[in-house]
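S.K.: Input: one structure, supplied below.
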Amino acid sequence: MSNVTETDLDYLRRVAESGEQAPLIGGRFLIIWGGLGVIACLVHWSIVTETLPIAASLLGAVWLGYGMIGLIANAIAVRTMPRRSGTGSIGNRVNRIAWQYVGIGIGVYFAGVMFSVTALDANPVLFDSILTVALFGYSIAFAVTAALSAEKWLYGPAWMSIAGAGLSPAFYGTAELYLLAAAIILFAAVLPGLRLVGRESGAGNA
């Protein structure tokens, strides 16, 4: 520690301040993935409860469609995102990496569950646990982003996601699980995404 200079401390202070001052630019991705997640959960619930006249065998296609449409929309959003100052701030870098790894983790877990159910004859209720894993991932991404940005209100969605993850096992094997997930994703991802996009636009017009 004795080798740390005043210049080093100034640099670290500027890095920390950049995370506090720069607006977060990830709101559009919360809207995309969160919105698609809400739709997929509601369609899943509708199929399981026979509200929609669609065979249950097509549930996998619903979630495959969620992933494919999400990846396409995500790529379009990246390409069309306006360039703004602050995109390289610590808050935005952490936000970007956190959500990337949450997405990778959910995808890998989904693949593991798919293999276990189809190849190892595991109980299909394992598919329900994907929502628990996803919500825990949400909570971590929101919390670290809140810690390293000015958007401390993101601790709210983090705790909401934790609560949803904790409640979800009680609903495994029921259609209601997907209504619960749809509500949590709406309030913990879609609405925060809309708020972030609004704050980003406001900062850009300032």
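S.K.: Would you pick out the residues in segment 106-128 that are under 19 Å from the mean Cα position of the chain (by Cα), crowded, with 16+ Cβ neighbours inside 10 Å and of a type outside the set (Phe, Trp, Tyr)?
M.R.: If the condition is that a residue be under 19 Å from the mean Cα position of the chain (by Cα), crowded, with 16+ Cβ neighbours inside 10 Å and of a type outside the set (Phe, Trp, Tyr), then Ile106, Asp128 are the ones that fit.
Listed here are the residues, each with its yes/no results for (1) in contact (Cβ under 8 Å) with a residue 12 or more places away in the chain; (2) of a type in the set (D, E, K, R); (3) more than 19 Å from Trp33 (Cβ to Cβ).
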{"position": "Ala150", "(1), (2), (3)": "yes, no, yes"}
{"position": "Trp159", "(1), (2), (3)": "yes, no, yes"}
{"position": "Ser168", "(1), (2), (3)": "yes, no, no"}
{"position": "Ala183", "(1), (2), (3)": "no, no, no"}
{"position": "Ala188", "(1), (2), (3)": "yes, no, no"}
{"position": "Arg195", "(1), (2), (3)": "yes, yes, no"}
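S.K.: Which one is modelled with the lowest pLDDT among residues in segment 1-51 that are under 18 Å from Val78 (Cα atoms) and in a loop (DSSP other than H, G, I, E, B)?
M.R.: Ranking the candidates gives Pro23 first.
S.K.: Here's a follow-up. Considering only residues that are within 19 Å of Gly26 (Cα to Cα) and of a type in the set (S, T, N, Q), look in segment 44-83 and name the one that is surrounded by the most Cβ atoms within 10 Å (Cβ to Cβ).
M.R.: Only one residue fits best here, namely Asn74.
The values are calculated or read from the model by the stated rules, or taken from the named source; none is laboratory data. Everything numeric in this text was worked out from a predicted model, so none of it was measured. Ideal geometry is used to build each Cβ from the backbone, glycine not excepted, and the neighbour counts take in all protein chains shown.
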